[in-house]
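Each value in this text was obtained by applying a stated rule to the coordinates, not by laboratory testing. In this text the structure is predicted, and so the values were computed from the model without any measurement. Glycine gets a Cβ as well: all are built from the backbone with ideal geometry, and neighbour counts include every protein chain shown.
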Amino acid sequence: MPTQQTTPDTESTASGVREEFGRDAERLKETAADRARQEAEKGKGQAARTAQSASSALRSAAGELENDDSVPDWLASAVRQAADKLGQLAGQVDNRSVDDIQQQVVQFARGNPATFLAASAAAGFAAARVLRAGADHRSHEAGQDTGTGYGGYDDGRGPNAGEFEAPGDRATAAPMASAGMSAGATS
């Protein structure tokens, strides 16, 4: 069986190819990091604007609560404090770089791992619910049923028009059906 011998030219070519691949990989990594940083900056700005908008809405609600004599003072005060904290958060997010925010999150996670994991899980569940609700809404507008179990909606156009059944209505649907009424009927 013939043995393969390497020549100095083959070795230098292979070495050159490895170096070029290494440089290309490094450039790709830097480009991806820059792109991620740019997208994070955009997201940071949008998050700050959203938080500021929510803060303004809470301040407005707090003002209305303060003017309503039937509302306890502590509730109006709590809403006002939440609005102030949210406004402060919006300012901090807007005035810091993505790298600073990332560093602060990492420090918090290292110092409080259980709290960080619990908050991450809660944020993940909340995001999943928001995304699922958005998908349900879009599919409902398109006339499709996603079958996610978030209750029914009767727009009067489907094959079951007038037969709205909210979650937990199965107990009342059977007696109503035997009386000749649908769950969505009104008298």
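Derived scalar couplings between HN and Hα for segment 127-136 equal 4, 5, 5, 5, 5, 5, 5, x, 5, 4 Hz in order, rounded to whole Hz, by the Karplus curve 6.51 cos²θ - 1.76 cosθ + 1.60 (θ = phi - 60°), x for Gly and Pro.
Sorting 86-96, 27-37 by average packing, meaning the other beta carbons within 10 Å per residue, from highest down gives 86-96, 27-37.
Annotation: lysines with alpha-carbon distance below 18 angstrom to Lys85 (same-chain offsets under eight excluded): Lys44. 3J(HN,Hα) along segment 13-30, derived from phi through the Karplus expression 6.51 cos²θ - 1.76 cosθ + 1.60 where θ = phi - 60°, amounts to 5, 4, 5, x, 5, 4, 5, 5, 4, x, 5, 4, 5, 5, 4, 4, 4, 5 Hz, with x in place of Gly and Pro. Rounded to the nearest 0.05, what FRET efficiency do Asp68 and Ala33 have when you use their Cβ-Cβ distance and R0 = 35 Å? Here the calculated transfer efficiency is 0.10. Think of segment 11-111 as having a plus end and a minus end, set by charges on the Cβ of Lys, Arg, Asp and Glu; of Val98, Ala76, Gly87, Val98 sits farthest toward the positive end of this dipole.
Residue-wise HN-Hα couplings along segment 88-102, as the Karplus relation 6.51 cos²θ - 1.76 cosθ + 1.60 with θ = phi - 60° gives them from phi, are 5, 4, 4, x, 5, 5, 5, 8, 10, 7, 4, 4, 5, 5, 4 Hz; Gly and Pro carry x. Between Leu117 and Thr13, the C-beta separation translates, for a Förster distance of 45 Å, into a calculated FRET efficiency of about 0.35.
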